[in-house]
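To keep things clear, I will list the structure first and then write my remarks on it.
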Amino acid sequence: MQTISDLGDLRGKRVLVRSDLNVPLDGTTISDDGRIRASLPTLERLAAAGARVLVTAHLGRPKGTPDPAYSLKPVAQRLGELWGQPVLFAGDTTGDEAHHVAAALQDGQIAVLENVRFNPGETSKDDAERGAFADELAALADVFVSDGFGVVHRKQASVYDVATRLPAAVGGLVQAEVEVLKRLTESPERPYVVVLGGSKVSDKLGVIDNLLEKADTLLIGGGMVFTFLAAQGHGVGSSLLESDQIDVAREYIERAAARGVDLVLPSDVVVAPEFSADAPATTVPADAIPDDQMGLDIGPDASQVFAQHVRDARTVFWNGPMGVFEFAAFAGGTRAVAEALTQTDGLSVVGGGDSAAAVRQLGFADDAFGHISTGGGASLEYLEGKTLPGLAILEEKTS
């Protein structure tokens, strides 16, 4: 894939950058600006090179029509605060205001276009409709830079189609993400430990399938663990359970044993009678969950075991919290894993999404980890071995 360095002199050129600015918003307040911070280095580099930078991104799922609740205006404001200079904002994506802002841009300035998903062509399954919108985007710029790793697994106009219409390169954020993921899949230092959590086994089928061939140890926590416990014949009370995945979980346990992969389930869990922040928490053995209780975190013994595996690893990939980390009583497992990752003598990768949100909410600094991915879904699909359209098109253009 071409990089920004391959684009030559960018002074005076309008560069359309697809960033990932899909941050959590509470009204107009950004509760986690991690993705904005991660996008900034590429934008700063382009601005410093004298480019006229037009940023396109999405926020939420507004279903192809303008919705003030999903406006990127507060994101543009925060971007300007972090950059230390004003960032212009266009109230539409490819309309009159966008063209006016694009024409007014000076060398080294940055502007953010309104939410790309306010336009039905962005996510359309119809190639012609998506292509027509990509034509409108391409008309605003001379060059395209793909830097939204969180969306490269989507075949969407601002990710895929616009790259076929302009000279295109990968931005620094996507470049760094791909380099890390290659280390996880092609040449991991060993021991290689994978920690998987989150709600559902069904969300992680592909990644478990693929990593069973690569990892030395697989630690399973979060809501998905109860399907594995059920596969071992244990009762799980009122815990989250995917009954239709029990046979799949049993097959994974058997495959891990056959391949010599250490698949570790928690020995104890923290339970409560209901899903509530102030529900009374009790620790019980993982094979003795009372019928009237639900598991909401891995237990203290399991937390110590998981943490030791992580500390002993040379490569760690973690995706998915160990419990309901938003509730203090059920955050212990997630905190233990996060802290252990900061103590790993090797590559530690936090796989985006809820895991990234958890480490920040629990007070860990981003630079305490080797890498925090900005794209949970994209990271998982890459680790599954899937083709990511936003990367594939850039590779095609240089082949």
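Would you please calculate the Kirkwood hydrodynamic radius of region 271-369 over all C-alpha pairs and express it in Å, rounded to one decimal?
Values: mean 1/r = 0.0718 Å⁻¹.
For region 271-369, the Kirkwood estimate is 13.9 Å.
Once you treat every alpha carbon in region 105-205 as an equal point and sum by Debye, what is log10 I(q)/I(0) at q = 0.10, 0.15, 0.17, 0.24 Å⁻¹?
Those come out to -0.42, -0.80, -0.92, -1.30, one per q.
Relative contact order, percent, of the chain when contacts are C-alpha pairs under 8 Å separated by at least 6 residues?
16 percent
How much length is gained on full extension from A257 to R190, taking 0.36 nm per residue of separation minus their Cα-Cα distance?
Values: separation 67, 0.36 × 67 = 24.12 nm, distance 1.84 nm.
Answer, rounded to one decimal: 22.3 nm.
Can you compute the modelled spin-label distance between R11 and E213, with each label point 7 Å from Cα toward Cβ, in nm?
5.0 nm
Taking just the alpha carbons, could you work out the radius of gyration and Dmax for region 27-186, both in angstroms?
Radius of gyration, then largest Cα-Cα span, for region 27-186: 15.1, 47 Å.
Roughly speaking, what is the stretch gain from H100 to A132, that is 0.36 nm per residue apart minus the C-alpha to C-alpha distance, in nm to one decimal? Walk me through the intermediate numbers first.
On the way: separation 32, 0.36 × 32 = 11.52 nm, distance 2.02 nm.
Gain on extension, H100 to A132, equals 9.5 nm.
Using +1 on the beta carbon of Lys and Arg, -1 on that of Asp and Glu, and nothing else charged, what's the dipole of the chain about the Cα centre, debye to 20?
Numbers: 33 positive and 56 negative charges, 190 e Å.
Charge dipole of the chain: 920 debye, to the nearest 20.
For region 192-221 and region 1-30, write down the distance between their C-alpha centroids in whole Å.
A separation of 32 Å, based on Cα centres.
Cα to Cα, under 24 Å, and not fewer than 8 places away if on the same chain: which lysines meet these conditions relative to K125?
Of all the lysines, those that pass the test against K125 - Cα under 24 Å, at least 8 places apart if same chain - are K63, K155, K386, K397.
Given the peptides 202-208, 101-107, 373-379, arrange them by the average over their residues of other C-beta atoms within 10 Å, most packed first.
373-379, 202-208, 101-107
Zone of A365 (label point 7 Å along Cα→Cβ, backbone N under 16 Å): which residues in region 83-115?
Counting only backbone N, you get no residues.
If you take the beta carbon distance between Q85 and K63 as r and set R0 to 41 Å, what does 1/(1 + (r/R0)^6) give as a FRET efficiency, to the nearest 0.05?
Once the sixth-power term is evaluated, E becomes 0.75.
Arranged by the count of other C-beta atoms within 10 angstrom, fewest first, what order do I36, I253, I220, I298 take?
Going from sparsest to densest Cβ surroundings: I253, I36, I220, I298.
Can you give the log10 of the normalised intensity I(q)/I(0) at q = 0.09, 0.11, 0.14 Å⁻¹, computed with Debye over equal Cα scatterers of the chain?
For the chain at q = 0.09, 0.11, 0.14 Å⁻¹, log10 I(q)/I(0) is -0.57, -0.82, -1.16.
Between region 155-174 and region 356-380, what is the C-alpha centre distance in whole Å?
Cα centres, region 155-174 to region 356-380: 24 Å.
Expressed as cubic angstrom per residue, what is the convex hull volume of the alpha carbon set of region 1-91?
Looking at region 1-91, the number lands at 111 Å³ per residue.
Find the all-direction average of the projected area of the Cα convex hull for region 162-244, expressing the result in square nanometres with one decimal place.
Over all viewing directions, region 162-244 projects a mean Cα-hull area of 8.4 nm².
About its Cα centre, how strong a charge dipole does region 87-217 have in debye, to the nearest 20, once Lys and Arg get +1 and Asp and Glu get -1 at the Cβ?
Around 600 debye, computed over region 87-217.
Hey, what number do you get for the chain at 222 nm if only DSSP H runs of n ≥ 4 count, each worth -39500 (n - 2.57), divided across all residues, to the nearest 500?
Counting only the DSSP helices, I get -10500 deg cm²/dmol.
Put +1 on the Cβ of each Lys and Arg and -1 on the Cβ of each Asp and Glu in the chain; which of P188, A249, A168 then has its Cα farthest toward the positive end of the dipole?
Among P188, A249, A168, the one farthest towards the positive end of the dipole of the chain is A168.
Values in this text are rule-based calculations from the coordinates and carry no lab data. These numbers were taken from a predicted model, which means no experiment stands behind them. Counting neighbours? That spans all protein chains shown, and the Cβs are built from the backbone with ideal geometry, glycine included.
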